[in-house]
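This report concerns only the one structure given below.
No lab work stands behind these numbers, since they all come straight from the coordinates. All of these numbers come straight from a predicted model, not from anything done at the bench. Here the Cβ positions follow ideal geometry from the backbone for every residue, glycine too, while neighbour counts run over all protein chains shown.
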Amino acid sequence: MGMNLGFCPFRQFFLDSCAFHRETGEVSETAYLSLGSNLGDRAATLRAAAAQLEVAGRVLAVSALYETQPMEVQDQPWFLNCVAAIETGKSPRELLQLALQIEAAMGRIRLRDKGARKIDIDVVLFGDSVADEQGLKIPHPSMHLRRFVLEPLVEIAPEARHPVLGKTARELLAALGEGQTVRRL
């Protein structure tokens, strides 16, 4: 269970829940984003992308870097991945738009689905929100199947709960089968 940080008028408030800011009256959510890169200086790219997330809110944590084997398209370089936790007052759609803007500003070009990329930023969890809209799926529909998402997520938020499956990140990782090579750096 996350650390109890205070009072939230809508529900109990944990690191992986909402926050109410008395000074501004703003309600924020903790969102988890998966970042990946397999082109160029992957580590520098991930550090720069994580730093740019500050425009969305307060970065609470960033996991270590993990080197991961490509999953669906094998004929490409290995990835570096991490997960960042941010406290944001943005909506899920606004956060996704910001992630896409960061990708574009950093030179992401989409030439091939699941292909090599300088930067990839996915919103994997957004508080306990569930969204299934054109271009916006929260929680990320494949997060529970991806070791490269779950290992860094468990590092920074083992009790973050998948709002549809009702399981924590730790439980999802424990249930994941073998077959995905992920090495913490």
In segment 37-128, if the dipole is taken from +1 on Lys/Arg beta carbons and -1 on Asp/Glu beta carbons about the Cα centre, which of 102, 53, 66 is farthest to the positive end? 102
Just in segment 78-147: which chymotrypsin sites (Phe, Trp or Tyr not before Pro) are loop by DSSP and have at most 15 other Cβ atoms within 10 Å? 78
Give me the lysines in straight-line cross-link reach of residue 118: C-alpha distance below 29 Å, same-chain residues under 8 apart excluded. 90, 137
Filtering GluC sites (Glu not before Pro) in segment 109-185 by DSSP loop and by at most 15 other Cβ atoms within 10 Å leaves 159, 178
